[in-house]
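Worksheet: one structure, shown below.
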Amino acid sequence: MPYDYSLVLKQKELQTIKSQFIMKKENSPEVDFIHQPIGRLGFLKFSGAAVAATGLLVAGVGCKKDDDDDDNPMAEDLGSGDIGILNYAYALEQLEAAFYIQVMATPFAGMTQEEAQILGDLKNHEIAHRDFFKAAIPAANRIKDDLAVNFSSIDFNSRASVLGTAKAFEDLGVAAYNGAGQLIADVQYLALAGKIVSVEARHAAAIRDLLNPWSADFAGNDIIDGNGLDGAKTPAQVLAIAGTYISTPINASNLPS
Amino acid sequence: MKMLNILEKLGDTKFDFSQTNTRRESIFSIGQSGKAILTAALPLGVIAATGASAKANTTSVAGAASTATVIDVLNFALTLEYLEAQFYNMGVTSGVIANADLAVFNQIRQHENDHVTFLTNTIESLNGTPVNSPIFDFTAGGAFQPFVLYGDFLALAQAFEDTGVRAYKGQAGNLIGSDAILTAALQIHSVEARHASEVRRLRTKNGLDTSKGWITGNSRGTLPAPTQAVYDGEQNLSQGGITNITSITTVSAAGCQEAFDEPLTDTQVLAIANLFIV
């Protein structure tokens, strides 16, 4: 494998654990978590116990939870094996769906008919992806269905902010699926990732074209390299970016590499 | 050279054009006899791309594709990239493209030529032999005039890009275990999808269609009827063991169909590509 993200993640986790348990709040990007410690503690204790009780049933497939001492017990553990990759995709689709739901609930001023059609379609596609993963991943192995998002850096009244964020999310989604393909063991799951990633790429091109029509930006040189290849990012690289918008801590350290 | 020979053989394949259809109307149609010849002419490695049973015979115990299979897949991809690269090279130099759309097609042209170079180098790095480019006839025997009529150029561009997306998608499983190659193939696959989205929307901007960047159902929009083979199967609603995904979401059937692109087998792809190969 050309990627080694496990070390990076371990370091990030340790940092998160430090900040949460040693209460160095200012070092933690997870501000929202700090604001709701009691409710989350209660929920996760219950959730963890429930998963532990049913974990034996899925042993060998890829457990969502394990007893790794390095794990942050507060974090949603994506798990291992193909299930881990599915949970990883589920987390990203939850983020995208939440974003477009908000975009269409509070449309920016002057949203054109074309923009509304495209952004409305994207909302539906990402909801379909999200709901698919929710149905496809066994409940016992699945991360929570309502990851907390933090969109405080996005101005939903601003076309530039919304389309700029959409562009970043779609490009990130493409790179995430492209990078995760080689981590998938089951050919059926790889096929599913392939069915979804090209739709994300279609989205990315359309959003980029809205921002800069009749230009090369739909597949610009900022994202496509000299070999004509699109982006590919490791889960650690993707989550480092997506983490800005997902306030629920995520533990990706058990993903395949 | 193996793929070229195959494609040359395919060039002799006789298709079942009915007498009542014009060549243009039948151009993407292929009869059962044609399919049989197509299948017979393809090497095991390429056929393995689509058949689970054949795949099992050509994969190692560890589940990774053999180098021979990987090279066959790369040569299959290279053949499609030759087709696309030459199509856009000729389109850009012909002057048929509207000035407003030139920046888009110059970028697509660059990518397809980059893909030819990249695949050629990759095949050589695996000690394989890259196939030569077939000789193309983008009029498909006079059915289209892509370098004279801009509408024809745009129509074929959309058909080629949407086919390209489905072609790479259909090969991913054949590259499982060959991590670097699989990743690169996925990276090309998503570039083709960006192209497809852009070309589809350009056709709408040019007033030729109402197509969106994504494929709704199995609709070919206003493309000629024979391009239906490019879109057949895209209406699929069965995903990942869920018989009908509209049962697990509030999203409409059309939205669900748009949300998942579908693969084509190598045989299906070659049946389309061969129509433009002399």
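Readers should treat all values here as calculations from the given coordinates under stated rules, not as data from a laboratory. From a predicted model like this one, the values you see are computed outputs, not experimental measurements. Cβ atoms come from the backbone with ideal geometry, glycine included; neighbour counts cover every protein chain shown.
A few points about this structure:
- One Cα centroid belongs to the stretch A:147-180, the other to the stretch B:168-228; the line between them spans 22 Å.
- Using θ = phi - 60° in the Karplus curve 6.51 cos²θ - 1.76 cosθ + 1.60, the 3J(HN,Hα) couplings for the stretch B:212-221 round to 9, x, 10, 9, 9, x, 10, 6, 9, x Hz; x is entered for Gly and Pro.
- Neighbour counts of other Cβ atoms within 10 Å put B:220, B:194 in the fewest-to-most order B:220, B:194.
- Sorted by Cβ density within 10 Å, fewest first, the residues A:114, A:170, A:200: A:114, A:170, A:200
- Applying the Karplus relation 6.51 cos²θ - 1.76 cosθ + 1.60 with θ = phi - 60° to the stretch B:108-118 yields 3J(HN,Hα) values of 4, 4, 4, 5, 5, 5, 4, 5, 4, 5, 5 Hz, where x marks Gly and Pro.
- If only the Cβ of Lys and Arg carry +1 and only the Cβ of Asp and Glu carry -1, the dipole of the stretch A:100-257 around its Cα centre is close to 380 debye.
- Averaged over peptide A:184-190, the number of partner chain Cβ atoms lying within 10 Å of each residue's Cβ comes to 4.
- Listed residue (B:123, B:138, B:177) projecting farthest to the positive dipole end of the stretch B:106-242, Cβ model: B:138
- Summed side-chain charge close to residue A:98 - residues other than residue A:98 whose Cβ falls under 12 Å, Lys, Arg +1, Asp, Glu -1: -3
- Of A:239, A:228, A:207, farthest towards positive along the dipole that unit charges on Lys, Arg, Asp, Glu beta carbons give the stretch A:185-257: A:239
- Spatial separation of Cα centroids for the stretch B:67-88 and the stretch A:237-257, in angstrom: 36
- Cross-link pairs B:169/B:212; A:123/A:144; B:169/B:205; A:134/B:212; A:233/B:169 - those with Cα-Cα distance over 23 Å: B:169/B:205; A:134/B:212
- Built amide H within the under 5 Å cut-off of residue A:76, gap 5+: A:250, A:251
- Amide H contacts of residue B:265: none lie under 5 Å away among residues 5 or more positions distant or on a separate chain (H built 1.01 Å from N in the peptide plane; Pro and chain starts excluded).
- Backbone HN-Hα couplings from phi across the stretch A:247-257 [Karplus 6.51/-1.76/1.60, Hz, Gly and Pro as x]: 8, 5, x, 10, 9, 9, 6, 9, 5, x, 9
- Sorting B:255-266, A:210-221 by their mean Cβ neighbour count within 10 Å, with the most densely packed peptide first, gives B:255-266, A:210-221.
- Residues whose placed amide H lies under 5 Å from that of residue A:246, excluding near-sequence neighbours: A:150
- Each peptide in A:222-231, B:104-113 receives the mean, over its residues, of other Cβ atoms within 10 Å, and ordering these scores from highest gives B:104-113, A:222-231.
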